[in-house]
Amino acid sequence: MANIQPFKAIRSNPVYADQLVFTSLQVESVSGDETKDGSLAPLKTLLETGARLRPETPEGQAKAFQDIKETLKTLLESDKLWHEQAPGIYVYEVEHKTYRQTGIWALTSLEDYTQGNIKIHELTFADSIRRLTNYRKNTGLEGSPILLAYHPDITINRIIAETIKNSKKITYGNDHGLHHLWKIEDPAIQQHLINAFAKVKNVYLADGHHRIESSALLAAEQRANGLTEFDYISSLYMATDQLRIEEYDRVVLPSEIINIEAFFDQLKQHFDIQPAHQQVQPRKPHQFGMYFEKNWYGLTAKPHLYNNKNAAANLDTYILQETVLAPIFGIADPKTDQRLKCAGGEMAMEEINAILNVYPDAIVFTLCPVSVEQLIEVAEAGEILPPKSTWIVPKIPYALLLHHHLTE
């Protein structure tokens, strides 16, 4: 089940949206044209970047958080940001060049997470949790929603369709794509939607593991100290037939010269290898592309690698990690090892080519994207994927809708 509620969103005045929330589909936010007189930095810079400055000191953090509060106040008072007076639940749609994705944007009770009603598939890292907790505690801001998936529901689909048909549309975007919002203000419709989500059997966390874990820890701390509890989190719900998972490829920067014969001997223990005359981007599980010494190869995993009862161990990200990255290159932690670069989404090959321009000896491994069904299977089994396993679309622009706990 999912416990949702409406919220009073903060959003950009459309006049300034091209600067404050001017996004491409590949990145969270970019600044627009900052060469113009009086131009604005993006909201991600104004409301978040200052808290990430290093070295991290108590004095520096205190100043950063104070600056963020003052900046938010100034943007609201100058009418560059609008704070909705009536709480709403939103239908959100991102319109790509060849497809659309539609979902529901609301707040979710953190009890859904702490009670295990939201199924996860990734590990979290303590330092990231600490920093996100501090940011949430001191600013009360959520610039992006977590992404939650659920199996398609007839009632929710009907409410989405009727809202799109009968409500006013708000649109932001650029040449890369459009982001549409329809606000549901009618309390009766909101309640129908709340009731429908309460009946949803399973909810899966697609993106936002660190954010929800840090939010739950902060809420527990606030509750223990008798403070106002930030007990809900901004959430975008998408049915599983709306989610897309794109390729998430790997680039290894070897720390020493590779013995070519020994390298291929190691690979042949687990893969059938075929030379390729062009770039290899696999579209079937257990097939990999490899770019090495200016040549492309197709690698097919041998059956002993994926005839496994463990759902996560059958996935290609796990196979590559356990048979190549760790044993051959010594990359035990793909999240932190500087010898490993990851590139995902529609711009992955552009990023990979840029890396190869700087590191011509790098070795590229391309993978078939994880399917939504595989992701759900792992989550249902209570298993965990290796870091950087999934590039899930949509990537919601930072501050398309802001939630501010301190002004609710």
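The values are calculated or read from the model by the stated rules, or taken from the named source; none is laboratory data. Computed from a prediction, not measured in an experiment: that's the story for all the values here. Glycine gets a Cβ as well: all are built from the backbone with ideal geometry, and neighbour counts include every protein chain shown.
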ask   = Is at least one residue of segment 50-69 without any contact (Cβ under 8 Å) to a residue 60 or more places away in the chain, aliphatic (A, V, I, L, M) and either in contact with a Lys or Arg (Cβ under 7 Å, 6 or more places away or on another chain) or not in a helix (DSSP H, G or I) (or both)?
value = yes
query = Within the bounds of segment 107-124, is there any residue that is under 30 Å from D337 (Cβ atoms), in contact with a strand residue (DSSP E or B) (Cβ under 7 Å, 6 or more places away or on another chain) and of a type in the set (A, V, I, L, M, F, W, C)?
reply = yes
ask   = Just one of Y113, Y99, Y150, Y90 is in contact with a helix residue (DSSP H, G or I) (Cβ under 6 Å, 6 or more places away or on another chain) and of a type outside the set (A, V, I, L, M); which is it?
value = Y113
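In this structure, is L123 in a loop (DSSP other than H, G, I, E, B) and either in contact (Cβ under 8 Å) with a residue 24 or more places away in the chain or more than 24 Å from the chain's Cα centre (by Cα) (or both)? Working first, answer last.
Working: in a loop (DSSP other than H, G, I, E, B): yes; either in contact (Cβ under 8 Å) with a residue 24 or more places away in the chain or more than 24 Å from the chain's Cα centre (by Cα) (or both): yes.
Yes: the conditions hold for L123.
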remark   = By residue number, the members of segment 81-93 that are crowded, with 18+ Cβ neighbours inside 10 Å and either touching a Ser or Thr at 6+ places or on another chain (Cβ under 8 Å) or small (G, A, S) (or both) are L81, G88, V91, Y92, E93
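Within segment 43-75, restricting attention to residues that are farther than 14 Å from T139 by Cβ and surrounded by 12 or more Cβ atoms within 10 Å (Cβ to Cβ), which residue is modelled with the lowest pLDDT? Give the derivation first.
Step one: filter segment 43-75 for residues farther than 14 Å from T139 by Cβ, giving 45, 53-60, 74.
If we keep only those that are surrounded by 12 or more Cβ atoms within 10 Å (Cβ to Cβ) as well, we get 45, 53, 56, 60, 74.
On the way: T45: 90, L53: 80, E56: 83, G60: 89, T74: 96.
Result: L53.
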request  = Please state which of the following conditions F271 fails to meet, knowing it meets all the rest: (1) at pLDDT below 95; (2) within 27 Å of Q374 (Cβ to Cβ).
outcome  = (1)
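A quick yes/no check of all residues on (1) aliphatic (A, V, I, L, M); (2) in the same structural domain as D153 (by TED's automatic domain parsing); (3) within 19 Å of the chain's Cα centre (by Cα):
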residue: G226; (1), (2), (3): no, yes, no
residue: F230; (1), (2), (3): no, yes, no
residue: S234; (1), (2), (3): no, yes, yes
residue: M238; (1), (2), (3): yes, yes, yes
residue: V252; (1), (2), (3): yes, no, no
residue: I257; (1), (2), (3): yes, no, no
residue: F263; (1), (2), (3): no, no, no
